[in-house]
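Data block below; observations after.
None of the figures in this text is laboratory data; all of them are computed from the coordinates on show. If you're wondering where the values come from, they're calculated on a predicted model, not measured in any experiment. Cβ coordinates were reconstructed from backbone atoms using ideal geometry, including for glycine residues, and neighbour counts include every protein chain displayed.
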Amino acid sequence: MIVFAAIVPHSPLLVPSIGKEHREKLNATIAAISEIEQALYLVKPETICIIAPHGSRYPDAFSINLAQKYTGNFKAFGDFSTTVTAKGDFLMIDHMQRKLREEDVPFTLTSSEELDYGYSVPIMMLTSHLPEWKLIPVSPSMLDGKAHYDFGTQLKRILHAEEHRVAVIASADLSHKLDANSPGGASKEGPEFDKAVCEMATANRWEDLSKLSLDIVENSGQCGYRPIMTLLGTLNEINVTPKQLCYEAPFGVGYLTARYDIV
């Protein structure tokens, strides 16, 4: 059953060895993620389903990475010593893929023990105090927001029927085009996108968010829209209390941290 859900950013600058002195500008985000880590410890999930945008992606199919164990590192960012590890929830993933294919969901399995930073940063920040847990790494497709919400509802039917306690995490950075200092430069759609997500996702207004203009979604330079829509789908017909913990953009990229407590 699903016992907790959250949205967290995955900036490599959150890693101490990478962010270094720049982490001070992310103090509010770090404090918010710490609150989610404590909440996870209290609800004691046996499995964490992380939906992250940078893994293997297919134009018209969702995917789950199936492996017995996973390893992530930050070598691409100059850190050759920090690693994260996780066990795969092999049996639950197998159960999920069978159910999804029975329902003709556009879905495929991949298999790699290597995790990118979209998974590694949340794992590093959220799981250091969890005694035993297993990972389900989910990748979105290139389909629209409504398709991802529907996929989330299909995941919910499977995960919420399981005996194991499951937490769902959307690993999601928002716009990379907020202002002149942003990695993608400035765009009018960047601030519009972040404002809409902060207002709608943290109030569980999935229908409004699914109707967000394609121009705003694609021209904002975001990477979190589809993981967030999938997460909102997993909360379909579940009583939740959503709460925005933090939004900031000190480096020109929008970082949203939010929690969804199951009532």
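A few points about this structure:
- Farthest positive-ward along region 164-244 dipole, Cα basis, beta-carbon charges - from S175, L214, A203: A203
- Applying the criteria of a DSSP loop state and at most 16 other Cβ atoms within 10 Å to the trypsin sites (Lys or Arg not before Pro) of region 99-153 yields no site.
- Pairs spanning more than 19 Å between alpha-carbon atoms, out of K44/K87; K20/K75; K134/K156; K75/K134; K44/K134: K75/K134.
- For region 193-200, 3J(HN,Hα) computed residue by residue from phi via the Karplus equation (6.51, -1.76, 1.60; θ = phi - 60°) reads 5, 5, 4, 5, 5, 4, 6, 8 Hz, glycine and proline entered as x.
- Computed from backbone phi, the HN-Hα couplings of region 225-239 come to 4, 6, x, 5, 4, 5, 4, 4, x, 5, 9, 3, 6, 9, 6 Hz, rounded to whole numbers (Karplus: 6.51 cos²θ - 1.76 cosθ + 1.60, θ = phi - 60°; Gly and Pro given as x).
- 32 Å Cα-Cα threshold exceeded, pairs from K25/K69; K69/K188; K99/K211; K25/K99: K25/K69; K69/K188; K25/K99
- As a ratio to 2.2 N^0.38 Å, the alpha-carbon radius of gyration for the chain is 0.93.
- Fewest-first ordering of W206, W133 by other beta carbons within 10 Å of each residue's beta carbon gives W133, W206.
- Annotation: extensible slack from A203 through T82 equals 40.0 nm (criterion: 0.36 nm per residue apart, minus Cα-Cα distance).
- Both radii are taken from the alpha-carbon atoms of region 1-107; with Rh as the Kirkwood radius, Rg/Rh is 1.00.
- Local net charge near A76, Cβ-Cβ under 12 Å (Lys/Arg +1, Asp/Glu -1): -2
- Length gained when the stretch N239-K195 is fully extended (0.36 nm per residue, less Cα-Cα span): 13.4 nm
- Rg/Rh for region 184-263, where both radii come from Cα atoms and Rh is the Kirkwood radius: 0.97
- For the chain, calculated [θ]222 nm from helices alone, where every DSSP H run of n ≥ 4 adds -39500 (n - 2.57): -10500 deg cm²/dmol
- Projection of the Cα convex hull of region 27-89, averaged over all directions and equal to a quarter of that hull's surface, yields 6.4 nm².
- Of all DSSP beta bridges in the chain, antiparallel share, percent nearest 5: 50 percent
- Modelled this way, with points 7 Å down the Cα-to-C-beta line, the labels at E103 and E218 are 2.8 nm from one another.
- Packing, as the average of other Cβ atoms within 10 Å across residues, places the peptides 26-32, 239-245 in the order 26-32, 239-245, highest first.
- Model label points for K25 and H95, set 7 angstrom from Cα along the Cα-to-Cβ axis, are 4.5 nm apart.
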